[in-house]
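To start, the structure itself, in structure tokens.
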Amino acid sequence: MKINPLIVLASLVLVLNGCKTLNKDECQTGDWETIGYGDGLKGELRTRVVQHREACAKHGVKIDLQSYNTGYDAGLVLYCQAGNGYKMGL
């Protein structure tokens, strides 16, 4: 069985992009509720906040976990809809 290098490259790009988190400016000026909302809306795991916390700690910024969780929960409600499940399944 031959492995298509284009598929391997595309998979690698997707995996690395999934690891990307916040930069210094986003950490300093980010609205944590909005960031959480975006993560929930994309169906990210709640543990995604750990990556944000680590990235922002490098810049001396503490995240607002309560605001993040409020936004995350609101975004997740929209993500966890039957129509979205169908779309993701396609």
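The values are calculated or read from the model by the stated rules, or taken from the named source; none is laboratory data. In this text, all values refer to a predicted model and were calculated from it rather than measured experimentally. We place every Cβ from the backbone using ideal geometry, glycine too, and count neighbours over all the protein chains shown. Accessible surface areas use protein heavy atoms only, side chains included; no ligands, DNA or RNA. Shrake-Rupley method; radii C 1.70, N 1.55, O 1.52, S 1.80 Å.
Here are some notes:
- The residues of segment 53-90 that are under 25 Å from Thr29 (Cα atoms) and part of a loop (DSSP other than H, G, I, E, B), listed by number, are Lys58, His59, Gly60, Val61, Lys62, Ile63, Asp64.
- Check on Glu33, within 12 Å of the chain's Cα centre (by Cα) and at pLDDT 85 or above: no
Quick grid of which residues meet (1) aromatic (Phe, Trp, Tyr); (2) at pLDDT 95 or above; (3) under 19 Å from Gly75 (Cβ atoms); (4) open to solvent by 100 Å² or more (accessible area, probe 1.4 Å):
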| position | (1), (2), (3), (4) |
| --- | --- |
| Met1 | no, no, no, yes |
| Glu26 | no, no, yes, no |
| Tyr37 | yes, yes, yes, no |
| Val50 | no, yes, yes, no |
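- In the condition set (1) open to solvent by less than 30 Å² (accessible area, probe 1.4 Å); (2) touching a residue at least 12 places away in the same chain (Cβ under 8 Å), Leu41 is compliant with all but (1).
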